[in-house]
Each structure stands twice: as C-alpha cells, then as structure tokens.
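> Supplied in structure tokens, the structure appears directly below.
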Amino acid sequence: MGQTTETMAKGEYDWLFYKFKKEETPSDGMLPQYQAYFRGELSIPGAQTNQPYRAYMKTGFISSEPHFHRDEEYLAFVGHDLRYAFDSFEAEVELWMGESPEDMEKIVITAPTMVRVPGYYWHGPIEIKKLSKPLFFQPVLFSSRYYAIRRRKDADGKIYNETIVDGMSPCTLDNDKVCTFCGKCEEKN
C-alpha cells in the first residue's frame, strides 16, 4: 500500500474530496437551522451528481410545485435515526408524479422508500402530511448542477418551460444573487 492521507490533509487526491460546509437553511422550523449539501460541480469540479442531506422536523412542502429534470433522480425517504431507519419512520408523504403535469398520480409514502424518477417525469408537489419523528430525505440528481424545469404561463396565456439552475439562475427574491434553491421563495407562496 502507499502512504496514508487524512481526508483534509494535503495529498495527491485532495481534488476528489469535499468537506461539507455548515449551510444555513431557511425553513421556518421545518428543517434544522444548518444542513450539509453536496452541490455537484460547485462542490467538486467535474462531479456529476447532486445530493443534499435533509432532516425534516415538521410537516410542510418539500417541493411546492411540479417540475422535471432531463436527468434521472432518486428520492430517498427514511427515518432520521439511521440506526433504526424503519422504527424511526413515522411520516406520511404525498408525492405527485406522472409523464405530464395534466396526468399525475398521487403516491402516499408511509414507510422507508426509494423512488426512481426517470428523466423527463414530472414530480411534485412533495408534501409531508404527517410527521411524529424527524424524516431523512435525500434527493440524488445525476447532473453536475441541480436544476428544475417548471411550467409557466406568460401574460398572454402561452405555456412555456422555465429552467432554474443552482448557481446560474438569478434569485427570484434578489436579482443581484444567484439561485441556490434555498427555499425562501417557496416560503413566500
């Protein structure tokens, strides 16, 4: 074997490691004040996946409107105490999913579940309806940056799709900042 390298020591493979940063998460108590996010290429250049780690503390919307991604996504719902992932799961989550926003099915999740969302499948809203213990939720999107494509209507009623990209699209609350999917704009809805 070769030399031993601690994860944050200077070494040949440092470019492959990301030390999580303590990120503030605005949520009105739905999430803890700080969480850890892995934001794809924004965290490690060349990375092809996004995977935040979220602990939900009370009911409410994880995502308030339908959207899709061109890339495949996986949604993991488990009890937050991973030592007892099944026994600590005390939640009811409603997830809407379908091939178009006009033809979506409501799925009710009441046990630890992994959902595969194929590319171009609409999903959302996702709402925690009941919660007795914290819920661990991890969306894993196979893309270098997180993005969401949402349906919109212009002033004339013409339908179009809007793409919002983490770190590239302007923040809807402050055009001098870029979108980080912090959730503050969804709190306003």
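> So is Phe68 over 16 Å from the mean Cα position of the chain (by Cα) and either at negative phi or touching a residue at least 40 places away in the same chain (Cβ under 8 Å) (or both) or not?
Values: over 16 Å from the mean Cα position of the chain (by Cα): no; either at negative phi or touching a residue at least 40 places away in the same chain (Cβ under 8 Å) (or both): yes.
No; evaluated as a whole, the condition is false for this residue.
> In this structure, does Ile109 turn out to be touching a residue at least 60 places away in the same chain (Cβ under 8 Å) and crowded, with 17+ Cβ neighbours inside 10 Å? Before the answer, list the steps.
Numbers: touching a residue at least 60 places away in the same chain (Cβ under 8 Å): no; crowded, with 17+ Cβ neighbours inside 10 Å: yes.
So Ile109 does not fit the description; no.
> Ok, one more. Of Pro118, Pro52, Pro125, which residue is within 23 Å of Ile159 (Cβ to Cβ), within 13 Å of the chain's Cα centre (by Cα) and either among the polar types (S, T, N, Q) or surrounded by fewer than 19 Cβ atoms within 10 Å (Cβ to Cβ) (or both)? Show your work before the answer.
On the way: Pro118 fails: within 13 Å of the chain's Cα centre (by Cα); Pro52 fails: within 23 Å of Ile159 (Cβ to Cβ).
Testing whether each residue is within 23 Å of Ile159 (Cβ to Cβ), within 13 Å of the chain's Cα centre (by Cα) and either among the polar types (S, T, N, Q) or surrounded by fewer than 19 Cβ atoms within 10 Å (Cβ to Cβ) (or both) leaves just Pro125.
> Please determine whether any residue of the stretch 153-169 is among the aromatic types (Phe, Trp, Tyr) and without any contact (Cβ under 8 Å) to a residue 60 or more places away in the chain.
Applying the first criterion (among the aromatic types (Phe, Trp, Tyr)) to the stretch 153-169 yields 160.
Pick out the ones that are also without any contact (Cβ under 8 Å) to a residue 60 or more places away in the chain and you get 160.
Yes, the stretch 153-169 has at least one match.
> Let me ask something additional. Keeping to the stretch 11-46, report how many residues are under 19 Å from Gly167 (Cα atoms), of a type in the set (S, T, N, Q) and modelled with pLDDT under 90.
2
> Sticking with this one: Examine the stretch 136-158 for a residue that is surrounded by fewer than 16 Cβ atoms within 10 Å (Cβ to Cβ) and of a type in the set (Asp, Glu), and state whether such a residue exists.
Among the residues of the stretch 136-158, at least one is surrounded by fewer than 16 Cβ atoms within 10 Å (Cβ to Cβ) and of a type in the set (Asp, Glu), which makes the answer yes.
> Next up: Filter the stretch 65-106 down to residues that are aromatic (Phe, Trp, Tyr), outside any strand (DSSP E or B), at pLDDT 95 or above and surrounded by fewer than 16 Cβ atoms within 10 Å (Cβ to Cβ), then give me how many there are. Even if it seems obvious, please write down each step before you answer.
Kept after step one, since they are aromatic (Phe, Trp, Tyr), are these residues of the stretch 65-106: 68, 74, 77, 84, 86, 89, 96.
In the following step, the residues that additionally are outside any strand (DSSP E or B) were identified as 84, 86, 89.
Subset that is at pLDDT 95 or above: 89.
Filter once more, keeping what is surrounded by fewer than 16 Cβ atoms within 10 Å (Cβ to Cβ): none.
The number of residues fulfilling the criteria is 0.
> Turning to a different aspect of this structure: Which count do you get for residues in the stretch 173-189 that are surrounded by 13 or more Cβ atoms within 10 Å (Cβ to Cβ) and in contact with a strand residue (DSSP E or B) (Cβ under 8 Å, 6 or more places away or on another chain)? Give the derivation first.
First, pick out the residues of the stretch 173-189 that are surrounded by 13 or more Cβ atoms within 10 Å (Cβ to Cβ): 178-187.
Of the ones still in play, those that are also in contact with a strand residue (DSSP E or B) (Cβ under 8 Å, 6 or more places away or on another chain) are 178-179, 181, 186.
The qualifying residues number 4.
> How about the stretch 56-77: which of its residues are under 21 Å from Met30 (Cβ atoms) and either out of contact with any Leu (no Cβ under 8 Å at 6 or more places or on another chain) or polar (S, T, N, Q) (or both)?
Thr59, Gly60, Phe61, Ile62, Ser63, Ser64, Glu65, Pro66, His67, Ala76
> Spot the failing condition for Arg151; the list is (1) in contact with a Pro (Cβ under 9 Å, 6 or more places away or on another chain); (2) within 23 Å of Met57 (Cβ to Cβ); (3) basic (Lys, Arg), and only one is missed.
Just one mismatch for Arg151, condition (2).
The values are calculated or read from the model by the stated rules, or taken from the named source; none is laboratory data. For clarity, every value in this text was computed on a predicted model and none was experimentally measured. Cβ sites come from the backbone with ideal geometry, for glycine too, and all protein chains shown count toward neighbours.
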